[in-house]
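Trainee: Could you have a look at this structure, given as structure tokens, before my questions?
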Amino acid sequence: MKRRSTPGLSALILLLLAAPAAAAPWVRSFVVTAYEPAFRDGDCPAAPDNDFAGMLQTGWRRAAEIAELTKPAPQSIEPYRILAPALHFRGFAPGIDTYLNPFAAPDPGLPQPTGKDAEGFDLDGRTGIDNGFYRALGCLAAFRGPGSITARANARMQDGLQTILIRLSGTGSPTRDYDVLVEIGPSPDKLERNTRGEVLRDYSYRLVRLQQYAKLRGRIRDGVLTTTPLAELKAPDFAWSESNRGEAIFRQGRLRLVLAPDGGATGLLGGWRDWRELYARLAFNVAIEGPFLEIPYRTNLIAVYYALARNADGDPDGRGRNRAISTAYRLTAVPAFAVDPASPVALIQPPPSARILAERAAFLNAVTTHRMAPSP
């Protein structure tokens, strides 16, 4: 009988060398250092400004009253004592709070970006990049450049207003993996910075899974992460004050992240958002509410309402009116360690005041039913 020969030692070594190495688990985490609407510069004919005298013109307000309300203020606080209360009332009849009932005032119009390029995602698979939020509000100075609420939001985040973590894990390679677990969530820990104010790299932060948290799948190819759309992605919202922090819900939400050789990352987070909620968070978030955006940030909230409604491009109701608007937020991040605490932790974030919550609820009811909401 012929005996089967066994491979020699050298042949075994060659076989082992030729066999693919078993993939090792890997984890990469990031802490976000900038988070803002994905708006571009240089594509607007002119940033709109507020003509307060024109804004206050109604069929029932006299010219002398408008002149008195808009005369130069002797002190910086005066516009909020004199002009701000009047800005609430710009409707077709006295006594209608037009922040709560913006449809009671005519559309003053808002310039839109004229460029053909935009950042975002193809959410519907038909029209290319979808970013109706940028199309609606992309010319507002409040979201562009130094001194904007975008700059304020990033400065406040780095001062401790909120901390956002992203954690990736897989079994292939950090630069090429076809099944990556992606986690996005907040941390109760403030960003660590050096004496120059720069966010430090490679610090540990606890990851909160109880709120503002999402888990989704993705893949990395050539150092770029793309995720499979998640029906309802929950993440920390873009915020510039304590009263408009909270959870953002992105329908068909997704993340695209470019992993840099130095360990950092840049990318976009986006999906469909309820445009009515976006308006409510803009208009009702601080003690002086709407006038806070209209006076120092020169943002006409009635124009914002109509621009959001006009550019809403998803989730039509029974009458064909779209309730969602495509959105994208730009982010920058540095390497960090997102750690799971020994026991679950929650964010300690005081909710907005009862008045702010009541005003948001009143507006949402009014815009849904088109029944005038009285001022709380």
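The values are calculated or read from the model by the stated rules, or taken from the named source; none is laboratory data. This structure is a prediction, so every number in the text was calculated from the model and none was measured. No Cβ is skipped: glycine too gets one built from the backbone with ideal geometry, and neighbour counts run over all protein chains shown.
Trainee: State yes or no: is Ala307 surrounded by 19 or more Cβ atoms within 10 Å (Cβ to Cβ) and within 17 Å of the chain's Cα centre (by Cα)?
Mentor: No; evaluated as a whole, the condition is false for this residue.
Trainee: Would you please name the residue that is modelled with the lowest pLDDT, looking only at residues in the stretch 268-307 that are more than 16 Å from Ser353 (Cβ to Cβ) and among the aromatic types (Phe, Trp, Tyr)?
Mentor: So the residue we want is Tyr297.
Trainee: Turning to a different aspect of this structure: Tell me, yes or no, whether the stretch 268-279 has at least one residue that is among the charged types (D, E, K, R), assigned to a loop (DSSP other than H, G, I, E, B) and either touching a strand residue (DSSP E or B) at 6+ places or on another chain (Cβ under 8 Å) or within 30 Å of Leu87 (Cα to Cα) (or both).
Mentor: No, the stretch 268-279 contains no residue that is among the charged types (D, E, K, R), assigned to a loop (DSSP other than H, G, I, E, B) and either touching a strand residue (DSSP E or B) at 6+ places or on another chain (Cβ under 8 Å) or within 30 Å of Leu87 (Cα to Cα) (or both).
Trainee: What are the residues in the stretch 130-145 that are touching a strand residue (DSSP E or B) at 6+ places or on another chain (Cβ under 7 Å) and part of a loop (DSSP other than H, G, I, E, B), if any?
Mentor: Result: Asn131, single match.
Trainee: Within the stretch 332-342, is even one residue more than 20 Å from the chain's Cα centre (by Cα) and of a type in the set (S, T, N, Q)?
Mentor: No: zero hits.
Trainee: Filter the stretch 293-346 down to the residues that are small (Gly, Ala, Ser) and in a strand (DSSP E or B) and list them by number.
Mentor: Gly314, Ala324, Ser326, Ala328, Ala333, Ala336, Ala338
Trainee: Here's another thing I want to ask about it. Could you list, in sequence order, the residues of the stretch 351-367 that are touching a Lys or Arg at 6+ places or on another chain (Cβ under 9 Å) and in contact (Cβ under 8 Å) with a residue 24 or more places away in the chain?
Mentor: Within the stretch 351-367, Pro352, Arg360, Phe363, Leu364, Val367 qualify.
Trainee: What is the number of the single condition among (1) among the basic types (Lys, Arg); (2) free of Cβ contacts under 8 Å to residues at least 60 places away in the same chain; (3) surrounded by 15 or more Cβ atoms within 10 Å (Cβ to Cβ) that Arg330 does not meet?
Mentor: The failed condition is (2).
Trainee: Being over 25 Å from Leu161 (Cβ atoms), free of Cβ contacts under 8 Å to residues at least 60 places away in the same chain and in a strand (DSSP E or B) is the filter here, so list the residues in the stretch 228-267 that pass it.
Mentor: Those that are over 25 Å from Leu161 (Cβ atoms), free of Cβ contacts under 8 Å to residues at least 60 places away in the same chain and in a strand (DSSP E or B): Leu230, Ala231, Val258.
Trainee: Are any residues in the stretch 163-188 touching a helix residue (DSSP H, G or I) at 6+ places or on another chain (Cβ under 8 Å) and either at pLDDT below 95 or assigned to a loop (DSSP other than H, G, I, E, B) (or both), and if so, which ones?
Mentor: If the condition is that a residue be touching a helix residue (DSSP H, G or I) at 6+ places or on another chain (Cβ under 8 Å) and either at pLDDT below 95 or assigned to a loop (DSSP other than H, G, I, E, B) (or both), then no residue fits.
Trainee: Determine whether the stretch 106-124 contains at least one residue that is at pLDDT 90 or above, in a helix (DSSP H, G or I), among the aromatic types (Phe, Trp, Tyr) and buried (at least 17 other Cβ atoms within 10 Å of the Cβ).
Mentor: No: zero hits.
Trainee: Something else now. Determine which member of the set Leu225, Leu191, Leu210 is of a type in the set (A, V, I, L, M), in contact (Cβ under 8 Å) with a residue 40 or more places away in the chain, closer than 20 Å to Gly264 by Cα and assigned to a loop (DSSP other than H, G, I, E, B).
Mentor: Residue meeting the stated conditions: Leu191.
Trainee: I'd like the residue in the stretch 213-222 that is part of a strand (DSSP E or B) and surrounded by fewer than 20 Cβ atoms within 10 Å (Cβ to Cβ) and, out of all such residues, is farthest from the chain's Cα centre (by Cα).
Mentor: So, considering only residues that are part of a strand (DSSP E or B) and surrounded by fewer than 20 Cβ atoms within 10 Å (Cβ to Cβ), the one farthest from the chain's Cα centre (by Cα) is Arg221.
Quick grid of which residues meet (1) touching a Cys at 6+ places or on another chain (Cβ under 9 Å); (2) within 22 Å of Asn285 (Cα to Cα):
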| site | (1), (2) |
| --- | --- |
| Pro37 | no, yes |
| Gln57 | no, no |
| Leu69 | no, no |
| Arg81 | no, yes |
| Ala104 | no, yes |
| Pro113 | yes, no |
| Gly125 | no, no |
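Trainee: Kindly evaluate Glu68 against the criterion of being modelled with pLDDT of 90 or more, more than 28 Å from Val367 (Cα to Cα) and either assigned to a loop (DSSP other than H, G, I, E, B) or in contact with a Pro (Cβ under 8 Å, 6 or more places away or on another chain) (or both).
Mentor: Spelling it out, it is not the case that Glu68 is modelled with pLDDT of 90 or more, more than 28 Å from Val367 (Cα to Cα) and either assigned to a loop (DSSP other than H, G, I, E, B) or in contact with a Pro (Cβ under 8 Å, 6 or more places away or on another chain) (or both).
Trainee: Now, a different point. Free of Cβ contacts under 8 Å to residues at least 12 places away in the same chain and surrounded by fewer than 24 Cβ atoms within 10 Å (Cβ to Cβ) - does that describe any residue in the stretch 268-284?
Mentor: No, because not a single residue in the stretch 268-284 is free of Cβ contacts under 8 Å to residues at least 12 places away in the same chain and surrounded by fewer than 24 Cβ atoms within 10 Å (Cβ to Cβ).
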